[in-house]
Amino acid sequence: MSDQKYVKAIIYAVVFIWTIILLWNHTSIQSAWLTPLSTVTTIVLYLVIAFDLLLWKLSFLHSWFVKRPVIDGTWKVEIRSNWIDPATNEAAMPITSYMVVRQTLSTLSMRLLTPESSSALVGTEIVCSADGLYCITGVYRNEPWFDFRYRSEIHYGGLWLHVADDRGTKSMVGHYWTDRNTAGSMRLTGRISRKCQSFAAAQAAIENA
């Protein structure tokens with residue numbers, strides 16, 4: 001975990017300040033008190049890692065201690081684009097795709113899987129608004145599969161998603177835009193805990209859920 005040095009620094013700072021206060025109050029300090037410091041530091045580090053990876057998701061913590069929404073897993077996504085087919089001059093039909101979210105308390109990654117491409121967020125953040133609602137903002141890179149690059153090039157874009165939790169049923173609704181001057185809406189529903197690796201696997205897992 002990249003923040004181990006910060007956890008250690010906090011522990012040592014607490015021990016140092018505690019020692020100074022004891023000396024200030026003319027309390028006798030014994031060296032044996034510091035003997036378990038290494039063991040305590042290791043235990044605390046493992047607890048921090050466990051909390052970051054898993055324990056923060058425990059539901060009873062979310063009413064008072066943890067505010068970050070749990071959204072990891074695979075979601076079904078409906079995409080509606082404003083793209084117009086130049087050959088037919090007709091609007092694009094809605095596209096069904098899948099969003100795979102991998103999340104810890106301190107990290108978040110999202111990958112969109114469609115029949116023709118894969119999009120990964122290269123920068124993302126969960127933002128809490130003043131009224132307590134959470135939104136996800138991000139910049140993504142879309143890589144079409146090789147067979148489709150003759151008509152769809154690699155491109156970049158951004159997205160904004162509002163995380164909604166209505167009586168325990170989570171959904172995410174928002175919009176996206178690209179550097180190809182296209183934009184559209186996104187609606188994520190039907191989340192499952194499994195994190196799928198491909199479009200076909202995600203489709204089968206959600207249909208059989």
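Quick notes on this one:
- All conditions in (1) at pLDDT 95 or above; (2) outside the structural domain of Glu153 (by TED's automatic domain parsing) hold for Arg68, with the sole exception of (1).
- Index of the failed condition, Arg102 passing every other in (1) surrounded by fewer than 16 Cβ atoms within 10 Å (Cβ to Cβ); (2) closer than 22 Å to Leu159 by Cβ; (3) outside the structural domain of Arg187 (by TED's automatic domain parsing): (3)
Residue-by-condition table, conditions (1) farther than 13 Å from Val77 by Cβ; (2) at pLDDT 90 or above:
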residue	(1), (2)
Thr96	no, yes
Val101	no, yes
Leu105	yes, yes
Leu108	yes, yes
Ser119	no, yes
Gly123	yes, no
Cys128	yes, no
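- Set Ala130, Ala87, Ala120: member being part of a strand (DSSP E or B) and not aromatic (Phe, Trp, Tyr): Ala120
- Identity of the residue in the range 161-187, of a type in the set (A, V, I, L, M) and modelled with pLDDT under 95, that ends up surrounded by the fewest Cβ atoms within 10 Å (Cβ to Cβ): Ala164
Matching residues to (1) without any contact (Cβ under 8 Å) to a residue 24 or more places away in the chain; (2) under 20 Å from Arg180 (Cβ atoms); (3) aromatic (Phe, Trp, Tyr):
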residue: Ala50; (1), (2), (3): yes, no, no
residue: Lys67; (1), (2), (3): no, no, no
residue: Thr114; (1), (2), (3): no, yes, no
residue: Trp145; (1), (2), (3): no, yes, yes
residue: Phe148; (1), (2), (3): no, yes, yes
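- Gly190 being out of contact with any helix residue (DSSP H, G or I) (no Cβ under 6 Å at 6 or more places or on another chain), surrounded by 14 or more Cβ atoms within 10 Å (Cβ to Cβ) and not aromatic (Phe, Trp, Tyr): no
- Number of residues in the range 9-29 that are in a helix (DSSP H, G or I) and either more than 25 Å from Thr42 (Cα to Cα) or of a type outside the set (A, V, I, L, M) (or both): the value is 6.
- Conditions (1) assigned to a helix (DSSP H, G or I); (2) at pLDDT 90 or above; (3) in contact with an Asp or Glu (Cβ under 8 Å, 6 or more places away or on another chain); (4) not polar (S, T, N, Q): number failed by Val48: (2)
- Whichever residue in the range 154-183 is of a type in the set (Asp, Glu) and in a strand (DSSP E or B) and, among such residues, is farthest from Glu125 (Cα to Cα): Asp166
The values are calculated or read from the model by the stated rules, or taken from the named source; none is laboratory data. Quick caveat, the model's predicted, so the values are computed rather than measured. Positions of Cβ are generated from backbone atoms using ideal geometry, with glycine treated the same way; all protein chains shown enter the neighbour counts.
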